[in-house]
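Report on the following structure.
The numbers here are math on the coordinates, done by the rules we state, and not lab data. Because the structure is a prediction, the values reported are computed rather than measured. Cβ coordinates were reconstructed from backbone atoms using ideal geometry, including for glycine residues, and neighbour counts include every protein chain displayed.
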Amino acid sequence: MSEIDTSQFRIENEPYYKPVGNEVEQFAAAYDVRMPVMLKGPTGCGKSRFVEYMAWKLQRPLITVACNEDMTASDLIGRFLLDINGTKWQDGPLTIAARIGAICYLDEVVEARQDTTVVIHPLTDHRRQLPLEKKGEVVNAHPDFQVVISYNPGYQSMMKDLKQSTKQRFGAMSFDYPQAATEAEIVSHEAGIDLKTAERLVQVAERSRNLKGHGLDEGMSTRLLVYAGQLISQDIPAPAACQMALVEPLTDDPDMRDTLQAAVQTFFPEITDSSKVA
Ligand SMILES: Nc1ncnc2c1ncn2[C@@H]1O[C@H](COP(=O)(O)OP(=O)(O)O)[C@@H](O)[C@H]1O
Ligand SMILES: [Mg+2]
């Protein structure tokens, strides 16, 4: 079998990650015993960034798979491909990760169908094996291999929940948007804007998060705050930046947009107030 070039999966430079609790120590402890880990939390709150940071810190290659409902078991495990010399087996990302001892991160795992998700079962219990049935091979996972999955508990329907038999193979960590002061520091760092402006963006977001379940499916994520900050750092006026990055992506409902625009105006009044511009 040809050697896999693992350097492509290495994270060379330390990713910027600001811890919000004991998550770094907890994840490291779980990794030490090769416990599979589930990261729960709303979209854009730092789960993927955390995994990148941990892979860097633990010096493991990271293979990320963005899950979707069209994904099949073969997309994870691998398949035979036809080429001019006949058929050739090609490992999927899960198989590569198991062979090289990578952290395999299945992002938004509930998006995958349950018959796809079950392929991780033999890798996430004492067996640590991956049977490649079509190829007639059983891959024994490399000692450094670990499975990490993420999902957003609020957002999916009961229909799309994970099976208990899947859930109960993981230690789980809950993520949420960081506390205001921490989040402002993150937004300021990521977007290259001053702390004061970042703090005001966070305040707008907090208003929107209180509307979750009252007309909004989700509040504004840290990711969106970073987008807004990036537009501001590109000299887009704050109200326009907030409209583009915070209001428009969140909702199409006219009343809800009015509410969110009012929140923007509250925290960026001096610029939004047209009477002062004139
Ligand atoms: N604790 C944190 N430290 C550093 N950056 C963070 C943190 N939390 C969120 N971010 C920022 O928010 C963005 C979105 O986070 P991400 O990890 O992609 O979210 P998720 O995977 O939870 O959907 C990141 O790109 C990063 O800029
Ligand atoms: Mg993510």
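With respect to the chain, whose longest principal axis is taken over its alpha-carbon atoms, helix 180-191 is tilted by about 80°. Whole-Hz Karplus values for the stretch 163-169 come out as 5, 4, 5, 7, 3, 7, 9 Hz, taken residue by residue from phi with 6.51 cos²θ - 1.76 cosθ + 1.60 and θ = phi - 60°; glycine and proline positions read x. Sites listed here are chymotrypsin sites (Phe, Trp or Tyr not before Pro) in the stretch 1-90 whose DSSP assignment is loop and whose Cβ has at most 12 other Cβ atoms within 10 Å: Tyr16. Residues whose amide H falls under 5 Å from that of Leu106, counting only those 5 or more places apart or on a different chain, are Val65, Val148, Ile149, Ser150, with hydrogens built in the peptide plane. The dipole here belongs to the stretch 1-76: it is taken about the Cα centre, uses +1 on the Cβ of Lys and Arg and -1 on the Cβ of Asp and Glu, and is about 320 debye. Sites counted here are trypsin sites (Lys or Arg not before Pro) in a DSSP loop (not H, G, I, E or B) having no more than 16 other Cβ atoms within 10 Å; the longest part of the chain that contains none of them is 164-278. Short-range pairs are left out: with C-alpha atoms under 8 Å and at least six residues apart, the relative contact order of the stretch 148-259 is 20 percent.
Here Lys47 is the anchor, and the lysines within straight C-alpha reach of less than 19 Å, apart from those fewer than 8 places off in the same chain, are Lys18, Lys57, Lys167.
Backbone phi angles across the stretch 108-118, fed through the Karplus curve with coefficients 6.51, -1.76 and 1.60 (θ = phi - 60°), yield HN-Hα couplings of 6, 5, 5, 5, 6, 6, 5, 5, 7, 4, 5 Hz in residue order; Gly and Pro are listed as x. Near Met35, once Lys and Arg are set to +1 and Asp and Glu to -1 for all other residues with Cβ below 13 Å from its Cβ, the sum equals +1.
Extension gain for Ser165 to Thr87 (0.36 nm times residue separation, less C-alpha to C-alpha distance): 24.6 nm.
Of the residues Ile120, Asn152, Leu162, the one whose Cα sits farthest towards the positive end of the charge dipole of the chain is Ile120 (charges of +1 on Lys and Arg Cβ, -1 on Asp and Glu Cβ, taken about the Cα centre). Dimensions of the chain along the principal axes, based on C-alpha atoms and rounded to the nearest Å, stand at 74, 42, 37, largest first. Label the stretch 4-126 by shape, choosing from rounded, prolate and oblate, from the square roots a ≥ b ≥ c of the eigenvalues of the Cα gyration tensor; if a/c is under 1.5 it is rounded, and otherwise prolate applies when a/b is larger than b/c, oblate when it is not. Prolate is the answer for the stretch 4-126, as a/c is 1.5 or above and a/b outweighs b/c. Within straight cross-link reach of Lys88, meaning Cα distance under 28 Å, which lysines are found once same-chain residues fewer than 8 apart are removed? Those lysines meeting the cut-off are Lys134, Lys135. Of the residues Val247, Val204, Gly215, the one whose Cα sits farthest towards the positive end of the charge dipole of the stretch 180-269 is Val204 (charges of +1 on Lys and Arg Cβ, -1 on Asp and Glu Cβ, taken about the Cα centre). Over the chain, dividing the summed -39,500 (n - 2.57) contributions of all DSSP H runs of at least 4 residues by the number of residues returns a 222 nm mean residue ellipticity of -10500 deg cm²/dmol. Of the GluC sites (Glu not before Pro) found in the stretch 1-104, those that fall in a DSSP loop while having at most 15 other beta-carbon atoms within 10 Å are Glu3, Glu12, Glu69. Here the alpha carbons of the stretch 180-269 define both size measures, Rg and Dmax, at 11.8, 34 Å. With θ taken as phi - 60° and the Karplus curve 6.51 cos²θ - 1.76 cosθ + 1.60 applied, the whole-hertz 3J(HN,Hα) list for the stretch 139-150 is 8, 8, 4, 4, x, 8, 5, 9, 9, 10, 10, 10 Hz, x standing for glycine and proline.
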